[in-house]
Every structure is written in structure tokens, then in C-alpha cells.
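Q: My questions will all concern the structure given below.
The values are calculated or read from the model by the stated rules, or taken from the named source; none is laboratory data. Everything numeric in this text was worked out from a predicted model, so none of it was measured. Glycine also receives a Cβ, built like all others from the backbone with ideal geometry; neighbour counts cover every protein chain displayed.
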Amino acid sequence: MYIEDVHKYVGQEVIIAGWLYNKRSSGKIHFLLVRDGTNIIQCVVVKNECPEEVFNAYDDLTQESSIIVKGIVKEDKRSPLGYELLLTDLRIVHQAQDYPITKKEHGIDFLLDHRHLWLRSRRPFAVMRIRHEVIAAIRDFFNERGFVLIDTPIFTPTSVEGTTTLFETEYFGQKAYLTQSGQLYAEAAALAFGKVYCFGPTFRAEKSKTRRHLTEFWMVEPEVAYFDLDDDMKLAEEFVSYIVQRVLENRKMELEILERDTRHLERVSPPFPRITYDEAVDILRKNGVDFRWGDDFGGTDETIISNQFDRPVIVHRYPAEIKAFYMKRDPENEKLALAMDVLAPEGYGEIIGGSQREDDYDTLVKRLEEHQLPREPFEWYLDLRRYGSVPHAGFGLGIERTIAWICGLQHVRETIPFPRTIYRLNP
RNA sequence: UCCGGCGUAGCUCAAUGGUAGAGCGGGUGGCUGUUAACCACUAGGUUGCAGGUUCGAGUCCUGCCGCCGGAGCCA
């Protein structure tokens, strides 16, 4: 029996295998908080109402000792869960010694050094279960719409965008890099399967030190043949809304543990406001930002823009110069790229970046030259424009930033079980 | 890489340049409904490292190391 099902067993004797989360006592009555991974339940041990060795086992119980308890399920308002277990038996499987994470506050550095243990605590419990829900929602969303999952390689011969710093590895005598995006491969798959998505880890070797950055993070990237930028934006807003609504429906308890104010999340439904880059620049200038047309938005700029709206906002048609070589230009203005970003509310910044892709062979060759990228490693990519090229579009959603936003967390490092940052490779 | 901040008990933090302390955790004892339980007692320290100033440095100065936050870049 797992604690999450305890309401089905009121009045019955059940067995729970778990760990001691905390204990309290008033002398002749002990309270054990036992967790089993699905929740925490209070167990009551009363002197003279259970075998003496069960009552006395309390003295040997240390925080995070593994225990198997047997008891009668009772409904009781005084218990944090609303249900508690009146113990009849208790077996210590392993006695933990000096568990380092205590009941009082800890610093983030200490907690991350003990991440393997910190995962047992209440807060990571809630965050990881929401992460699970987000990922399940992502897969369901694409499955329901007939997308095919295409796993893209993690070892790649070259950089996708040419600008970002990548992790370099030795690959049987030649250089290889850890992927920074599965997009180019997803494009190939889209021309084979129509609607596809890839979902995997992504690596950036940039020495970013902000609450929005990890060196290893997860990204989901749909790519659809015959999609234009408008189709892309529509898919993005439906996608984000679907994820948020699923978490609201299925992870109420977890959001409560995190004390997340869900009012912002409840408003997340299509359509999202859509503004052009030019309109976003106007917003910044009206708010006193000395912004130069042609620059990309910084973290504070994104916060100012997103604060104008009550749900995520889509900014589209960015200056082509600050965007990647593969993005198609706006036929009505060659200076602009058919690109779009989704900015999350409450200052969580960019969670989606996407675009319609350049599908014309000659134009794409020109773009490679403009970006001073080598032709040879992109020959296969150019093939996609040689054989049955079609308009197509896609985007990438950063999982950790999305989770940080939904959970209301200060830093993305809490959204992944074992975060990798510039100065952290352990545990 | 740049800018700012921090480093004191296992943990979270105090300590005018003048005897290094509290809470939690550990140990001992008490308590029949606790909610990070509470109460009493107790053990626990090379103040990140190396120099310097001073009668005297946790505190001031220099260098180094580690971490945190921000910027740039990005999801």
C-alpha cells in the first residue's frame, strides 16, 4: 500500500514501507512522520496500546531510517494528511546515522552538495513530481496530435548555430560536440514524417551564471512540414496552455507544498497576446529603457515586456541579424526574421524560441556564407532543400525554465534532479 | 570574462579591534495529541588558506581558494 491511496483503507490494517521523515513525542505517545515517496503520513504510537517493543523502538529511530510499519488507518483532522496510522507493528530496516539535512534551514550550497539526499525533502518532492507531470503532458500533447517522436543525436560533428560555445569531446580521433539542439535533425525528420518532435538533453558550455542557466538542460523541439510562422505560434500557445492546465489539474498538492499562487497559471489559455519586436521595443522605451533597435532583449527587458500581459506573450519578427542562419526572412521586410519567442509571465523570461525555417536552397547557401559557416558539414541539411523542400517551422521549449515558472522557483537548478552548472558537476 | 557579495560548531547564523555565542542536529532526562512539538542539562571551534598592520585580529590591509548573485550569451 502506498500513502497516496490511504483514503481507500480507512479502518483497515495496512503496511507501509518507507522512511522516517520526522518524529515527535509527548512521552507516552509518539508521532512518527513516515514517507514512502508518494506522500507523508503521521503514525501514532501509544503506550499500552501496542507491543512494548514497538513503543520502545521510537528511541532507536533516527531521521531517514528505513522502516516498515503496520497499523490501522484512521481519519483524524489533527493529522497533517487528514489520515493517520495507529501503529500495531514497526520494523527498522536500516538505522540511519546523523542524517545531514535537518529540520531547520540550510543554505543552497549545502543542499546542492547533498542533492542525492535533498531529493527526499518536501520541496524537491513537489518539484520533481511536477516535472514528471510536465514531461508526461508534453508526450501526451504530441501523441494526441499524431506527432512522431524522433530522437536526435547527442554527439554532433558541428555547432548548429555557429555562435554558442559547445562541449568538445574526442570521438575516435576526431572532434565531436555535445548537441546544443536537435532542430536540424528534426527538420530532416519532419520532411519524412510530417509532424515530429525530439526531446532530450542539451548542452551549452557558456559560462553563464544566472538563475536561468544550466550547462545541461532538457529541451523539447517540435518541427512540422507545411507550417508557417502563424501555425507555429498557434501550436506553441496550445502546447504551453496544455502543459499548465495538466499541472493545475493533477498536481494541486504539489503546488500547495510550494505555496505557488496559481492565479497567474489559471489564466494561461489560448490565444496568447502577440506583439512584434517593434512593438516590444516601443513598450521598453515607454518604460524608460534606452533601447537600441536591433539589439536582443536582456533578462530585465523581457520582464518589463511580459509584465504588460496577464499570460505568456509571443514576440515575433525579430531583426534577422540577431537570429540564426536557418530562419526565414519576412517577405515583407528583409531585415526581419520569421522568428518568435514566448516569454513567460512574472519575469521567468524566454521559455520558447522558434521560427519558420529557410526552405530555399540558394538563400540558405547565402546565409551559411553570411554567417561564415563551413559548407561541407551542412551538405545533408542543404539536401532537405534540394529534394522536395517545403515551408516548415518549429520551436524549442526549455523544460527547466517552464518548470521554474510553473512552480514559482527562483532558480532553474531546483527543477532538475541533479543540476549541472558552471561550477557544479557533483553529485 | 566582467561587476558585486559572502566564507565563524555537522547545519543556519550572531559577536564596537579587547574572554568566540545562540538555535537546530547529536547525547542525557521529562512530558498521553504532537504539527520544523516543547522544557531542562550536556558535548561540540586551526573563525576558508597564506602573509601583513597592531600591545591585541573573527573583525583592518594584501594575495589566493571556494561559493553565491548579476551582466553578456541563450532555452
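Q: Taking A:C50 as meeting all but one of (1) modelled with pLDDT of 90 or more; (2) in the same structural domain as A:G27 (by TED's automatic domain parsing); (3) surrounded by 15 or more Cβ atoms within 10 Å (Cβ to Cβ), write down the number of the exception.
A: (1)
Q: Further question: Which is assigned by TED's automatic domain parsing to the domain that holds A:V196, among the hydroxyl-bearing types (S, T, Y) and closer than 30 Å to A:H132 by Cβ, of A:T421, A:T402?
A: When all the criteria are applied, what remains is A:T402.
Q: Also: Anything in the stretch A:98-144 that is surrounded by 13 or more Cβ atoms within 10 Å (Cβ to Cβ) and among the β-branched types (V, I, T)? List them, or say none.
A: Those that are surrounded by 13 or more Cβ atoms within 10 Å (Cβ to Cβ) and among the β-branched types (V, I, T): A:I101, A:V127, A:I130, A:V134, A:I135, A:I138.
Q: Quick check on the stretch A:58-71: of everything there that is assigned to a strand (DSSP E or B) and among the β-branched types (V, I, T), which residue is nearest to A:N22 (Cα to Cα)?
A: Across the stretch A:58-71, the extreme among qualifying residues is A:I67.
Q: Would it be correct to say that A:D231 is out of contact with any Pro (no Cβ under 7 Å at 6 or more places or on another chain) and either under 29 Å from A:V390 (Cβ atoms) or at pLDDT 90 or above (or both)?
A: yes
Q: Could we say that A:L86 is hydrophobic (A, V, I, L, M, F, W, C), at pLDDT 85 or above, part of a strand (DSSP E or B) and within 17 Å of A:G11 (Cβ to Cβ) here?
A: yes
Q: Among the residues in the stretch A:15-30, are any over 25 Å from A:I130 (Cβ atoms), away from RNA strand B (no atom under 11 Å from the Cβ) and either at pLDDT below 90 or among the charged types (D, E, K, R) (or both)?
A: Within the stretch A:15-30 (the criterion being over 25 Å from A:I130 (Cβ atoms), away from RNA strand B (no atom under 11 Å from the Cβ) and either at pLDDT below 90 or among the charged types (D, E, K, R) (or both)), the answer is no, since none of the residues qualifies.
Q: Considering each of A:R145, A:R123 in turn, give the residue that is under 16 Å from the mean Cα position of the chain (by Cα) and of a type in the set (D, E, K, R).
A: Of A:R145, A:R123, the one residue that is under 16 Å from the mean Cα position of the chain (by Cα) and of a type in the set (D, E, K, R) is A:R123.
Q: I'd like the full set of residues that are touching a His at 6+ places or on another chain (Cβ under 6 Å) and either of a type in the set (D, E, K, R) or more than 9 Å from RNA strand B (Cβ to nearest atom) (or both), limited to the stretch A:90-116.
A: None; the set is empty.
Q: Taking into account only those residues within the stretch A:72-82 that are more than 10 Å from RNA strand B (Cβ to nearest atom) and part of a strand (DSSP E or B), which is surrounded by the fewest Cβ atoms within 10 Å (Cβ to Cβ)?
A: A:E75
Q: Scan the stretch A:26-62 residue by residue and report those that are farther than 19 Å from A:L81 by Cβ and either among the acidic types (D, E) or touching a Phe, Trp or Tyr at 6+ places or on another chain (Cβ under 7 Å) (or both).
A: The answer is A:K47, A:E49, A:E52, A:E53, A:D59, A:D60, A:T62.
Q: While we're here: Evaluate the stretch A:32-44: report whether one residue or more is loosely packed, with under 14 Cβ neighbours inside 10 Å, farther than 26 Å from A:K252 by Cα, within 12 Å of RNA strand B (Cβ to nearest atom) and of a type in the set (V, I, T).
A: No, because not a single residue in the stretch A:32-44 is loosely packed, with under 14 Cβ neighbours inside 10 Å, farther than 26 Å from A:K252 by Cα, within 12 Å of RNA strand B (Cβ to nearest atom) and of a type in the set (V, I, T).
Q: Looking at (1) among the hydrophobic types (A, V, I, L, M, F, W, C); (2) more than 16 Å from RNA strand B (Cβ to nearest atom); (3) in contact with a strand residue (DSSP E or B) (Cβ under 6 Å, 6 or more places away or on another chain), find the lone condition where A:A192 falls short.
A: Only one criterion is unmet by A:A192, namely (3).
Q: A:V93 is checked against (1) β-branched (V, I, T); (2) farther than 20 Å from A:N22 by Cβ; (3) touching a strand residue (DSSP E or B) at 6+ places or on another chain (Cβ under 7 Å); (4) surrounded by fewer than 14 Cβ atoms within 10 Å (Cβ to Cβ) and fails just one. What number does that condition carry?
A: Condition (2) is where A:V93 drops out.
Q: A further question on this structure: Determine whether the stretch A:56-65 contains at least one residue that is farther than 16 Å from A:V10 by Cβ and of a type in the set (A, V, I, L, M, F, W, C).
A: Yes, the stretch A:56-65 has at least one match.
Q: Looking at A:T169, A:T163, A:T158 in this structure, which one is surrounded by fewer than 19 Cβ atoms within 10 Å (Cβ to Cβ), within 15 Å of RNA strand B (Cβ to nearest atom), of a type in the set (V, I, T) and modelled with pLDDT under 90?
A: A:T163
Q: Sort out which residues of the stretch A:45-71 are away from RNA strand B (no atom under 11 Å from the Cβ) and of a type in the set (V, I, T), and write them in order of number.
A: Of everything in the stretch A:45-71, those that are away from RNA strand B (no atom under 11 Å from the Cβ) and of a type in the set (V, I, T) turn out to be A:V54, A:I67, A:I68, A:V69.
Q: So, one more: Report whether or not A:I67 is modelled with pLDDT of 95 or more, crowded, with 18+ Cβ neighbours inside 10 Å, under 18 Å from A:H94 (Cβ atoms) and not basic (K, R).
A: So A:I67 fails the test.
Q: Identify, please: which residue in the stretch A:321-362 is closer than 17 Å to A:L184 by Cα and either without any contact (Cβ under 8 Å) to a residue 12 or more places away in the chain or touching a His at 6+ places or on another chain (Cβ under 6 Å) (or both) and is, among those, surrounded by the fewest Cβ atoms within 10 Å (Cβ to Cβ)?
A: Among those that are closer than 17 Å to A:L184 by Cα and either without any contact (Cβ under 8 Å) to a residue 12 or more places away in the chain or touching a His at 6+ places or on another chain (Cβ under 6 Å) (or both), it is A:F325.
Q: Go through (1) within 13 Å of RNA strand B (Cβ to nearest atom); (2) touching a Gly at 6+ places or on another chain (Cβ under 8 Å); (3) among the acidic types (D, E) for A:E216 and report which single condition fails.
A: (2)
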